[in-house]
Each structure stands twice: as structure tokens, then as C-alpha cells.
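Data block below; observations after.
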Amino acid sequence: MHQSYITGYGRGVARNFNNSIYPAITFNCGPKTECREHVDHGNASNMLCAITALGEFDHTRGGHLVLFPLKLAIQFPPGATILIPSACLAHGNTTLQPGETRQSITQYCAGGLIRWVDYGFCSAKDFLLKEGAAEKMEIDKAPGVRWLGLLDLFSTIEDIPAV
């Protein structure tokens, strides 16, 4: 929903790809793209981030995607894509073998874009000046409340039908 508003607002705002839901993309050109443990705090916390691995490496020996809180290291071969909630799940990847290359493409939605749409296509500062603190709090919700509503958007094991 927000993507339609973002791309429909004003000149010069366009989708990265016609068939993508993501308004932002990062190309990590390597030649040895390796990420230490991190959380993408600026991303929208209720959206999944799409990570695609590229390059020439033995995915059984390196380049694993590590989901630190889950204590998982996942083989992540070139050409594979995974969706993770990168704003709330610490992640990174393992080193490669000598002579190997790895690049990645990451598609995501910055939380600031969501707020920009919610604030009527203006910054938080401009919205506050124009509409006041009470109206901004109505949109933002009280601290600790908004994320609970966003958390409810994720599926649970109970939501998955039995086979």
C-alpha cells in the first residue's frame, strides 16, 4: 500500500523494478561481500528484506547466512534469495575461501519512507510543526505500542494449515 503512494507522489519517484514491492535496493559489489552481525535498524520492522547472494563460491564451505538469535547458519548458494525481517533479526554471513567472490543484492523498505507517507508526504519535523504533537502521537502510537501491532502482522505456526 505505501509503495503505491510513494511512487504515485510527485515527479522523480519511481519503482526500482516494475514487478518489485521494495522501494529501496542496495548492490554490494564485493568482490568479497562479508557482513558482520548487524540489525538493519532503519528498515521497516514489519517488512521482510529480500537478500540475494551472487558470485562464485562454494556455499558448503563459506558464505553462509547466519541468523544469530536463532543460532542458525544456513547454506546460502549463489543465486539464492531469502526473506528475513532484517530490522529485528541480527544477521550476517561467514567468510569465503581464498580466491572466491561474493556479491549481494538487498531489497528493503526504509522505515522513514513509511513515516513520510503516514505524515502526508513530509518529514516528521514538518508534520509536527503543521499538525502538532497530539496528531503525530496518534500516527506514531505510544512507545512500545506500535511495534506490537506490527508484530501481529507476522504469521505464527498456528496460522499455517495442517497438511
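The values are calculated or read from the model by the stated rules, or taken from the named source; none is laboratory data. What you are looking at is a predicted structure, and each value in this text was computed from that prediction instead of being measured. Here the Cβ is made from the backbone with ideal geometry for all residues, glycine too, and neighbour counts use every protein chain on show. For accessibility, only protein heavy atoms count, side chains too; no ligands or nucleic acids. Shrake-Rupley method; radii C 1.70, N 1.55, O 1.52, S 1.80 Å.
Summary table
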read-out: Asn93, sole failed condition from (1) in contact with a His (Cβ under 9 Å, 6 or more places away or on another chain); (2) polar (S, T, N, Q); (3) open to solvent by 40 Å² or more (accessible area, probe 1.4 Å); value: (3)
read-out: Enumeration of residues in the stretch 149-161 that are assigned to a helix (DSSP H, G or I), of a type in the set (A, V, I, L, M) and either over 21 Å from Met47 (Cα atoms) or over 18 Å from the mean Cα position of the chain (by Cα) (or both); value: Ile157
read-out: Whichever residue in the stretch 96-115 is open to solvent by 40 Å² or more (accessible area, probe 1.4 Å) and hydroxyl-bearing (Ser, Thr, Tyr) and, among such residues, is farthest from Ile51 (Cα to Cα); value: Thr101
read-out: So Gly30, is it at pLDDT 95 or above and either surrounded by 15 or more Cβ atoms within 10 Å (Cβ to Cβ) or in a loop (DSSP other than H, G, I, E, B) (or both); value: no
read-out: Within the stretch 126-140, tally of residues that are of a type outside the set (A, V, I, L, M), under 20 Å from Ala44 (Cβ atoms) and open to solvent by 90 Å² or more (accessible area, probe 1.4 Å); value: 1
read-out: Subset of the stretch 33-44 that is under 14 Å from His91 (Cα atoms) and not β-branched (Val, Ile, Thr) - its residue that is most open to solvent (accessible area, probe 1.4 Å); value: Arg36
read-out: Tally, over the stretch 71-112, of residues that are touching a Pro at 6+ places or on another chain (Cβ under 7 Å), modelled with pLDDT of 95 or more and not aliphatic (A, V, I, L, M); value: 1
read-out: Qualifying residue in the stretch 125-137 (condition: in contact with a strand residue (DSSP E or B) (Cβ under 9 Å, 6 or more places away or on another chain) and not in a helix (DSSP H, G or I)); value: no
